[in-house]
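The values are calculated or read from the model by the stated rules, or taken from the named source; none is laboratory data. No experiment lies behind these values; they were computed from the predicted model shown. Neighbour counts run over all protein chains shown; Cβ positions are idealised from the backbone, glycine included. Ligands, DNA and RNA are excluded from the accessible area calculation, which covers all protein heavy atoms including side chains. Shrake-Rupley method; radii C 1.70, N 1.55, O 1.52, S 1.80 Å.
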Amino acid sequence: MPRLQITPEEFKRAKMVRPGWFPSLIKEVTLELSKDKQSHNIVLDLENADNESEFIGVPAKHWLTEKYIQGVVSFVKAFDPDIPEDRIADIEFSDYKGKYIYAKWGTNRGKDGTDPPRNNIEDWAPLPSKWTHLNKTKDESVTSSVTTFEKV
């Protein structure tokens, strides 16, 4: 009889998060060349960090692109709402790795709506005061678990 093993990570990847706002951990930040090779995309690997829901640990991938600058601005302003808008902002996206952000999770079925559903991020906001403890100083690393947030 054919057999297949499904890892706990694969179970999480297959779970669809109900649309809504959730604290989310930015696990990885990478740079990739766009499909048209005319620009670069910043790729964010995120993980749902809401320890009060069944969605904790569910991953999502999000692309920040030069072509959709509103998404980039929304992301940056979620971390620094008071960033001056009257001068050039030089942003180092790798600094966001390991940080938490408030993300609006949704479902995407591709451009024509026929792809299998996947989790995606629709918008960004600063963490509500309930969750601000997640972004502690750099000397404290934080991980999420099913029951609670624990300091490592």
Practice item. For the range 14-30, name all the residues that are farther than 20 Å from Arg109 by Cα and either touching a residue at least 24 places away in the same chain (Cβ under 8 Å) or touching a Cys at 6+ places or on another chain (Cβ under 7 Å) (or both). Key: Phe22, Pro23, Ser24, Leu25, Ile26, Lys27, Glu28, Val29
Practice item. Return the total of residues in the range 92-127 being touching a helix residue (DSSP H, G or I) at 6+ places or on another chain (Cβ under 8 Å) and either open to solvent by less than 50 Å² (accessible area, probe 1.4 Å) or polar (S, T, N, Q) (or both). Key: 7
Review point. Taking the range 95-112 on its own, how many of its residues are modelled with pLDDT of 95 or more, outside any strand (DSSP E or B) and not charged (D, E, K, R)?
Key: 2
Exercise for review: Kindly provide the set of residues from the range 9-56 that are loosely packed, with under 10 Cβ neighbours inside 10 Å and closer than 26 Å to Asn135 by Cα, ordered by number.
Suggested key: Glu52
Check your understanding: Taking the range 62-81 on its own, how many of its residues are touching a strand residue (DSSP E or B) at 6+ places or on another chain (Cβ under 8 Å), open to solvent by 20 Å² or more (accessible area, probe 1.4 Å), outside any helix (DSSP H, G or I) and free of Cβ contacts under 8 Å to residues at least 40 places away in the same chain?
Key -> 3
**Study point:** The lone exception for Phe11 - which of (1) part of a loop (DSSP other than H, G, I, E, B); (2) free of Cβ contacts under 8 Å to residues at least 60 places away in the same chain it fails
**Key:** (1)
Exercise for review: Sort out which residues of the range 49-103 are more than 14 Å from the chain's Cα centre (by Cα), of a type outside the set (Gly, Ala, Ser) and under 22 Å from Ala14 (Cα atoms), and write them in order of number.
Suggested key: Asn51, Glu52, Glu54
